[in-house]
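Trainee: This structure is in structure tokens; I'll ask about it shortly.
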Amino acid sequence: MTENKQKQPYLVFAIIFIVGFVCGVGFAVYKLDAGEGQQTAATSQQKNAEADQMAAAITNLEAAVTAKPDDFQTWVQLGHLYFDTGQPEKAITAYTTSLKYHSGDANLITDLGVMYRQVKQPEKAIEMFEKAQAMDPIHQPSRFNEGIVRFYDLKDTEGAIASWEELLKINPDATAGNGQKIREFVDQIKSGQIKN
């Protein structure tokens, strides 16, 4: 009887421990889910605040170019905001207007080309990329984007490879936005692993 009484406290402690452990896990999962919900709400609020700031900046820049229409730098800034907010038609208008007042640079011309791709004008995009390369013969983004448009939009695999090979002459370690090495990508196209 004494031995049985000694085993009972251990059994009671074991049951209490198991119940406490299960409740603790359940509470932790609940808190984790609640935390993720709060984090998602905070992220959503932050995105909304950023969108509001960008909208206000666009409104201010639109007013500025209305007041001073020959200010090319303001047109460029406005074009960049349209670019960043997914408004390619407006970005094209802003960029081309800025180019009436200055010659631009390879980055601006490349951004304009990217916007032409967005509005499904791949030939015009290629024209811009080639113009950027004429301005800056070692300009990498224009060569990368030219390859993208040639490969995916124009289905010109040879032209795309040629664009990327030129890029690789300038920068053998060039990578895409996702971190993939351009050399590996080109090799996969050549071997038939990737098709357009």
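The values are calculated or read from the model by the stated rules, or taken from the named source; none is laboratory data. Model, not experiment: these values are computed from the prediction. Note that each Cβ is placed from the backbone with ideal geometry, even for glycine, and that neighbours are counted across all protein chains shown.
Trainee: Report, ordered by the first and then the second residue, all pairs with beta carbons closer than 6 Å, sequence separation of six or more or different chains, a first member in the stretch 41-65 that is at negative phi and surrounded by 10 or more Cβ atoms within 10 Å (Cβ to Cβ), and a second member that is part of a helix (DSSP H, G or I) and β-branched (Val, Ile, Thr).
Mentor: Close Cβ pairs satisfying both conditions: Leu61/Thr74; Ala64/Thr74; Val65/Thr74.
Trainee: Shifting gears a bit: Hey, His139 hits all of (1) loosely packed, with under 14 Cβ neighbours inside 10 Å; (2) over 17 Å from Lys124 (Cβ atoms); (3) of a type outside the set (Lys, Arg) but one; which does it fall short on?
Mentor: Only one criterion is unmet by His139, namely (1).
Trainee: Can you pull out the residues in the stretch 145-160 that are surrounded by 17 or more Cβ atoms within 10 Å (Cβ to Cβ) and touching a Gly at 6+ places or on another chain (Cβ under 9 Å)?
Mentor: Selection gives Asn145, Glu146, Gly147, Val149, Arg150, Phe151, Ala160.
Trainee: Next up: Say we look at the stretch 65-107 and pick out the residues that are in a helix (DSSP H, G or I) and among the charged types (D, E, K, R); which of these is farthest from Glu127 (Cα to Cα)?
Mentor: Asp84
Trainee: Restricting attention to the stretch 145-196, report how many residues are acidic (Asp, Glu) and modelled with pLDDT under 95.
Mentor: 0
Trainee: Next up: For the structure I just gave you, tell me whether Thr59 is outside any loop (DSSP other than H, G, I, E, B), more than 30 Å from Gly159 (Cβ to Cβ) and in contact with a helix residue (DSSP H, G or I) (Cβ under 7 Å, 6 or more places away or on another chain).
Mentor: no
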